[in-house]
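Step one of this worksheet: look at the structure below.
The values are calculated or read from the model by the stated rules, or taken from the named source; none is laboratory data. From a predicted model like this one, the values you see are computed outputs, not experimental measurements. Virtual Cβ from ideal backbone geometry, glycine too; neighbours counted across all protein chains shown. To get the accessible areas, we keep the full protein, side chains included, count just its heavy atoms, and leave off ligands, DNA and RNA. Shrake-Rupley method; radii C 1.70, N 1.55, O 1.52, S 1.80 Å.
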Amino acid sequence: MDLITKYFSRLSEEQQWQIDALDKLYRDWNAKINVISRKDIDNLYLHHVLHSLAIAEVIRFRPGTHILDFGCGGGFPGIPLAILFPDCSFRLIDGTGKKITVATEVVKAIGLKNVSVVHRRGEDEKDDFDFVVSRAVMTLPEMVKIVRKNISKKNQHNALPNGIITLKGGQLDNELKPFRKIVQVTPISDFFEEDWFKEKNIVYLPVY
């Protein structure tokens, strides 16, 4: 929890409680349904919560913004972002039922009112959103093919045009080549000093 408040110091008491509650919730659920590597559960706040919140360093979503978490797994990056932006609405989707079960129960347990969790493949999602977020679900070209239809043409006056924001690591040159003129890549190490974030990036692609 201290790791989160190190970078996000203006959290309300409720937000601090919600983030603090994630540790026990994910430990308990992970013992039943393995959605986070058991070797990795001790790094929940570094590898999952803070990693998810890196998106907030690139854009602070304005109230009323609609965000789709595509391939949310057990709830990342959607749940930490929904805690941070209580005046925005989030829909978390994933094609794997057991992961959706975990995300649904975590959302209920911490009382998030701005989140819906749906067992659904991206191809079957029909609604429009201002932004689609994800965490290394698939290559960007593959993702664009699936979610382009879901990016709204109406902008909520955010600092960035509507589009896709995804968390990725490693060498990205080939993957991003089709979008090289418009894609923006921001190293997470620009914001967070922990070594784990070296070579990890926030990739933003406007979708017009």
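Here are some notes:
- Output for the range 134-171, where each listed residue is aliphatic (A, V, I, L, M) and over 24 Å from TYR7 (Cβ atoms): VAL137, MET138, LEU140, MET143, VAL144, ILE146, VAL147, ILE151
- Taken as a whole, the structure places ILE33 among residues that are out of contact with any strand residue (DSSP E or B) (no Cβ under 9 Å at 6 or more places or on another chain), farther than 26 Å from SER189 by Cα and aliphatic (A, V, I, L, M).
- Flag if ARG62 is modelled with pLDDT of 95 or more, of a type in the set (Lys, Arg) and over 14 Å from the mean Cα position of the chain (by Cα): yes
- Taking the numbered list (1) within 17 Å of the chain's Cα centre (by Cα); (2) in contact (Cβ under 8 Å) with a residue 24 or more places away in the chain; (3) open to solvent by less than 40 Å² (accessible area, probe 1.4 Å) in turn, PRO86 passes all entries but (3).
- The range 32-48 - residue that is part of a helix (DSSP H, G or I) and among the hydrophobic types (A, V, I, L, M, F, W, C) and, of those, most open to solvent (accessible area, probe 1.4 Å): LEU46
- Subset of the range 173-190 (residues that are among the hydroxyl-bearing types (Ser, Thr, Tyr) and part of a strand (DSSP E or B)): THR186
- Checklist (1) part of a helix (DSSP H, G or I); (2) under 26 Å from ILE19 (Cβ atoms); (3) open to solvent by 30 Å² or more (accessible area, probe 1.4 Å); (4) not polar (S, T, N, Q) applied to GLU193, failing item: (1)
- Within the range 162-183, the only residue that satisfies the criterion of being within 15 Å of ALA56 (Cα to Cα) and either surrounded by fewer than 17 Cβ atoms within 10 Å (Cβ to Cβ) or of a type in the set (Gly, Ala, Ser) (or both) is GLY163.
- If you go through the range 89-119 and keep only what is among the hydrophobic types (A, V, I, L, M, F, W, C) and closer than 10 Å to GLY73 by Cα, you end up with LEU92, ILE93, ILE100, VAL102, ALA103.
- Positions within the range 117-134 being touching a strand residue (DSSP E or B) at 6+ places or on another chain (Cβ under 9 Å) and open to solvent by 60 Å² or more (accessible area, probe 1.4 Å), in sequence order: HIS119, ARG120, ARG121, ASP124, ASP127, ASP128
Here is a yes/no grid of residues against (1) part of a helix (DSSP H, G or I); (2) closer than 24 Å to VAL132 by Cβ:
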site: LEU25; (1), (2): yes, no
site: ASN30; (1), (2): yes, no
site: LEU50; (1), (2): yes, yes
site: ARG60; (1), (2): no, yes
site: ILE67; (1), (2): no, yes
site: LEU92; (1), (2): no, yes
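- Residues in the range 128-158 that are at negative phi, part of a loop (DSSP other than H, G, I, E, B) and more than 18 Å from the chain's Cα centre (by Cα): SER152, LYS153, LYS154, ASN155, GLN156.
- Residue in the range 100-112 that is on the phi < 0 side of the Ramachandran plot, modelled with pLDDT of 95 or more, surrounded by 15 or more Cβ atoms within 10 Å (Cβ to Cβ) and outside any helix (DSSP H, G or I) present: yes
- Filter pass, PHE76 being assigned to a loop (DSSP other than H, G, I, E, B), of a type in the set (Phe, Trp, Tyr) and in contact with a His (Cβ under 8 Å, 6 or more places away or on another chain): yes
- Residue identified as touching a strand residue (DSSP E or B) at 6+ places or on another chain (Cβ under 6 Å) and touching a residue at least 12 places away in the same chain (Cβ under 8 Å) among VAL107, VAL102, VAL144: VAL107
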